[in-house]
């Protein structure tokens, strides 16, 4: 049975959003939807819906482009019936995030993360009793203990390391062939962001960070709901010999500016060579790692010769 993500509390209805012309009013209305069951039920009558099946969103393809249909209702239909009648398919979320418009990617990621959280928090960790979700899906309550559970994100740092003229990219065994990305890792209990960056760079590639600065952040639904905190870090060029942690990484190496620029132009399908090897390519523009790499390129090309 296709899971229906009731997106009214996120997107609300177009009518109600128009009535709240300022950002503050809109945010307060969305917050009311989270807490007021009757208001949320009312919004559902004019809201739009995303469809999911086994955590995979429903996409439609028109020409060479994919888009997410916004539906008023779908009912309890079987997966094959929905795909046939709506002329689309339920698509793996990783693929979906990279083929839909930028405005839909964050909503799909949030929706799947929320569905996944509900699926894994059906019972109270203290009493073992079933928990009940509210209408908006913004929380679950154990009525036996009175505990209210809210969705949470795990903080993860993603760091582009540079020695001045080169940047360091790495591969994990789970990456698609040929893809390199920035270093990343979960924040440990009690750590701040700076401490996590220093530790992860030391653990994964054996380098000591000299300086670092924050770039941006992004919600990322893999492996579960994560908050990716993107940073740049520098190490001394004379101390830039990589000592890779093979339990964490498959490969790590330095890239010069020219190789990075060429890699940004390359697509996965054009990466494979006749001899079966793969030229390096980098995460697509929807991933914050892409933004970090582009920022580094801009920094290098803007420096005086």
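The values are calculated or read from the model by the stated rules, or taken from the named source; none is laboratory data. This structure is a prediction, so every number in the text was calculated from the model and none was measured. In this analysis, Cβ positions are derived from the backbone assuming ideal geometry, glycine residues included, and neighbour counts consider all displayed protein chains.
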Answer with yes or no whether residue 154 is at negative phi and either in the same structural domain as residue 229 (by TED's automatic domain parsing) or touching a strand residue (DSSP E or B) at 6+ places or on another chain (Cβ under 7 Å) (or both).
yes
Right, residue 208: in the same structural domain as residue 296 (by TED's automatic domain parsing), modelled with pLDDT of 95 or more, surrounded by fewer than 17 Cβ atoms within 10 Å (Cβ to Cβ) and touching a helix residue (DSSP H, G or I) at 6+ places or on another chain (Cβ under 7 Å) or not?
yes
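From 262, 258, 291, which residue is over 23 Å from residue 205 (Cα atoms), at pLDDT 90 or above and not in a loop (DSSP other than H, G, I, E, B)?
Criteria check complete, one pass: 262.
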Collect the residues in segment 68-90 that are surrounded by 14 or more Cβ atoms within 10 Å (Cβ to Cβ), at pLDDT 70 or above and more than 16 Å from residue 110 (Cα to Cα), keeping them in residue-number order.
69, 79, 82, 83, 86, 88, 89, 90
Look at residue 298 and say whether it is exposed (fewer than 15 other Cβ atoms within 10 Å of the Cβ), more than 22 Å from the chain's Cα centre (by Cα) and either in the same structural domain as residue 199 (by TED's automatic domain parsing) or closer than 21 Å to residue 94 by Cβ (or both).
yes
Go through segment 160-182 and give me each residue that's closer than 20 Å to residue 221 by Cβ and assigned to a strand (DSSP E or B).
179, 181
So, in segment 112-131, exactly how many residues are assigned to a helix (DSSP H, G or I) and over 11 Å from the mean Cα position of the chain (by Cα)?
7
For the condition within 30 Å of residue 198 (Cβ to Cβ) and surrounded by fewer than 16 Cβ atoms within 10 Å (Cβ to Cβ), what is the one hit in 165, 145, 181?
165
From the list 190, 128, which one is at pLDDT 95 or above, at positive phi and in the same structural domain as residue 263 (by TED's automatic domain parsing)?
190
Scan (1) within 14 Å of the chain's Cα centre (by Cα); (2) not in a strand (DSSP E or B) for the single condition residue 155 breaks and write down its number.
(2)
Anything in segment 194-236 that is within 23 Å of the chain's Cα centre (by Cα), in a strand (DSSP E or B) and free of Cβ contacts under 8 Å to residues at least 60 places away in the same chain? List them, or say none.
212, 213, 214
Does residue 145 fit the bill of being under 25 Å from residue 112 (Cα atoms) and either in a loop (DSSP other than H, G, I, E, B) or at pLDDT 95 or above (or both)?
no
Is it the case that some residue within segment 133-152 is touching a residue at least 40 places away in the same chain (Cβ under 8 Å) and under 17 Å from the mean Cα position of the chain (by Cα)?
yes
Here is a check on your reading of the model: is residue 60 surrounded by 14 or more Cβ atoms within 10 Å (Cβ to Cβ), modelled with pLDDT of 85 or more and under 24 Å from residue 29 (Cβ atoms)?
no
